[in-house]
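Structure first, then comments.
The values are calculated or read from the model by the stated rules, or taken from the named source; none is laboratory data. Please read all numbers here as calculations on a predicted model, not as lab measurements. Quick reminder, even Gly has a Cβ in these numbers, built from the backbone with ideal geometry, and neighbours come from all protein chains shown.
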Amino acid sequence: MTATLDRTAAPGATKAPGSARVRGPKSPGLGLGLAVLYLSLIVLFPLAAVAWRGVEGGPQAFWSAVTTPDSWAALKLTLGASALVAIINVVMGTVIAWVLVRDRFWGKGVVDALIDLPFALPTIVAGLVLLALYGVTSPLHVNLAYTRAGVVVALLFVTLPFVVRTVQPVLQELDRDMEQAAYSLGAGPGLTFRRIILPNLVPAMVSGAGLAFTRAIAEFGSTVLLSGNLPFQTQVAAVNIFGRIEGDDTASAAAVSTALLVVSFLVLVVLDLLQRWGSRRG
Amino acid sequence: MAIEVRDVSKSFGSTPVLKDVSVDITSGSLTALLGPSGGGKSTLLRVIAGLETPDAGTVTISGVDATRLSPQRRNVGFVFQHYAAFKHMSVFRNVAFGLEIRKRPKAEIRKRVDELLQLVHLEQFRDRYPAQLSGGQRQRMALARALAVEPEVLLLDEPFGALDAQVRKELRTWLRRLHDEVHVTTVFVTHDQEEAMDVSDSIVVLADGQVQQAGTPQQLYDEPASPFVMSFLGPVTRLDGRLVRPHDIDIATSPEPGTVEATVNRIVHLGFEVRVELQARSAAEDPEDVWVQVTRGTAEGLRLRTGDTVHLRAIPSALSLTV
């Protein structure tokens, strides 16, 4: 430390040692401590407790709890449906964001406000709405009750805002001159979208899709009514976990929870890596 | 003529931005569209590029009526004030873009892009991303990108407007030299008269959506068509109710026929140039503020002091316009 300081200091430099480093107005200790304490209490300890509870019986017990036929089916359904939902919403969310930013139409403000509604609504209310609309007594004669399609529709509904809200600000900030430059270089609208606009949206789309995916695998309230929770058919992981807790089997409930936790964590890490890789290119 | 603009009008909403504008741009020339902001010069440039559609009038590029052509098909290179760099592409890919979408062979693209990067002195930055370049470097990249497709005309919209004064001067000298090498018909928009006089062969002065005057820099300076053009093309001051260049005024210590009495308010030394600010009292007019530009030698010879009474007269060869 002193050696590096000595080497960099020019002969005759009048600066006091230590003044070379710029300090904030206060020492960073307090803020950092507060943030760590808060995050620990609210996020880290509960997660650690669940993970601990999940694996305390050893890897064998963990694995057998996760691979119990009903849990395994629920996990497969949840991950599959969430992946499908993320893919559909990344396309439709981008389209909606595009329309909201680029097109002018009557009632745009209302539509813009409406996007957040599925997220703002208590999910059980969302479930009720979907049941009324697509249930056995559907006024549209679309009966999705007790089907996997019903699960997907419910997940689509609650995760819609994520992609829209991540892509929208990026699209708003996008330099329109870039597109015009592409036009003047001879590129048509389609080519300009593919080669110029889309690459700039991809990081936001990926991050929105990731949020939608992780939200979907944790979803409970909106799916619980419409899906009917038929084990091996329409029961999602969160409901499966709930069932185990009701059956007083908290250990295996914790194991399935831990499995979900690991998947969410992995997805978030991959997303973060993708973002870093993207931001390096500025 | 490389570009002929005929009776072009354009309004944004109810605000007219161009009113019956006609401009001729000679092949191979370097022309400045000069004027105050809001005068319509950028809009005119964008109409030529096809990025705006005129409400009336025609645009002809190299003898072809381009008024209804899309920007893709006009074969113009356009350089934006804020570079419009493709952020997600390297410098090389930025410059190569126009050639890649024309599906030119890879080897040809590489050769052409490397030549252009050499021309704009960016050959060692070919693999960098725009975010890693300075403003001046980004603008040179944008120029290379526009030149890559061998456009018939090169249009630059305030190309140096976002750069600091030092880089701006360097780049405009460099643009002049580049134009002498490449000879592509070039039109650039600027609000800086010094930049326009320094770089261009001809200047079109645009204000209030109309062409005020067009000609060589010399013509515009020496024979301005209006007080507006005169005051836009260089410093002016008022003496005895007329618009005069401040270096065209003589200061005398004793009254002579035709002189106006004045009091020295302030003397500013700007190195070689000395700026003398005075209050003149002519018989017919109310007292008016005048400033005179003299050399340091002249100022010293006159032994001027603040508060002195002197006598002012426009030199015989002075250009002056009644305001």
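If only residues of the stretch A:184-208 that are more than 11 Å from every other protein chain (Cβ to nearest Cβ) and buried (at least 20 other Cβ atoms within 10 Å of the Cβ) are counted, the one that is nearest to residue A:161 (Cα to Cα) is A:208. Which residues, counting only those in the stretch B:106-156, are closer than 11 Å to residue B:92 by Cα, among the acidic types (Asp, Glu) and outside any helix (DSSP H, G or I)? The answer is B:127, and nothing else. Restricting attention to the stretch A:107-140 and to residues that are part of a helix (DSSP H, G or I) and hydroxyl-bearing (Ser, Thr, Tyr), the residue that is farthest from residue A:223 (Cα to Cα) turns out to be A:134. Checking each residue in the stretch A:182-206 for being over 25 Å from the mean Cα position of the chain (by Cα) and of a type in the set (Val, Ile, Thr) picks out A:192, A:196.
Number of residues in the stretch B:50-87 that are within 14 Å of chain A (Cβ to nearest Cβ), surrounded by fewer than 23 Cβ atoms within 10 Å (Cβ to Cβ) and out of contact with any strand residue (DSSP E or B) (no Cβ under 9 Å at 6 or more places or on another chain): the value is 5. Of the residues making up the stretch B:183-203, those that are touching a strand residue (DSSP E or B) at 6+ places or on another chain (Cβ under 6 Å), under 26 Å from residue B:318 (Cβ atoms) and among the aliphatic types (A, V, I, L, M) are B:196, B:203. Reported count of residues in the stretch A:235-246, each being in contact with a Phe, Trp or Tyr (Cβ under 8 Å, 6 or more places away or on another chain) and crowded, with 24+ Cβ neighbours inside 10 Å, is 1. Quick one: is residue A:218 free of Cβ contacts under 8 Å to residues at least 60 places away in the same chain, of a type in the set (A, V, I, L, M, F, W, C), within 14 Å of chain B (Cβ to nearest Cβ) and out of contact with any Pro (no Cβ under 7 Å at 6 or more places or on another chain)? When the stated conditions are applied, residue A:218 does not pass them.
Please tell me if residue B:104 is over 26 Å from residue B:161 (Cβ atoms), charged (D, E, K, R) and touching a residue at least 12 places away in the same chain (Cβ under 8 Å). Taking the combined requirement at face value, the residue does not satisfy it. Hey, does the stretch A:149-170 have a residue that's at pLDDT 90 or above, within 14 Å of chain B (Cβ to nearest Cβ) and under 30 Å from residue A:275 (Cα atoms)? Among the residues of the stretch A:149-170, at least one is at pLDDT 90 or above, within 14 Å of chain B (Cβ to nearest Cβ) and under 30 Å from residue A:275 (Cα atoms), which makes the answer yes. Filtering the stretch B:88-108 to residues that are of a type in the set (Asp, Glu) and more than 9 Å from chain A (Cβ to nearest Cβ) leaves only B:108.
Evaluate the following for residue A:99: is it closer than 27 Å to residue A:198 by Cβ and out of contact with any Gly (no Cβ under 7 Å at 6 or more places or on another chain)?
Yes, satisfied.
Yes or no, residue by residue, for (1) within 17 Å of residue A:187 (Cα to Cα); (2) modelled with pLDDT under 95:
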residue: B:76; (1), (2): yes, yes
residue: B:82; (1), (2): no, yes
residue: B:89; (1), (2): yes, yes
residue: B:95; (1), (2): yes, no
residue: B:113; (1), (2): no, no
residue: B:126; (1), (2): no, yes
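When the stretch A:124-163 is filtered for residues that are surrounded by fewer than 23 Cβ atoms within 10 Å (Cβ to Cβ) and of a type in the set (S, T, N, Q), the ones remaining, listed by number, are A:137, A:138, A:143, A:147.
Every condition in (1) part of a strand (DSSP E or B); (2) closer than 14 Å to residue B:239 by Cβ holds for residue B:268 except the one numbered (2). Which one is nearest to residue B:193 (Cα to Cα) among residues in the stretch B:238-262 that are in contact with a Lys or Arg (Cβ under 8 Å, 6 or more places away or on another chain) and assigned to a strand (DSSP E or B)? Applying the filter and picking the extreme gives B:244. The set of residues in the stretch B:226-260 that are more than 21 Å from residue B:295 (Cα to Cα) and among the acidic types (Asp, Glu) comprises B:240, B:256.
State yes or no: is residue B:196 within 14 Å of chain A (Cβ to nearest Cβ) and either crowded, with 24+ Cβ neighbours inside 10 Å or in contact (Cβ under 8 Å) with a residue 40 or more places away in the chain (or both)? So residue B:196 fails the test.
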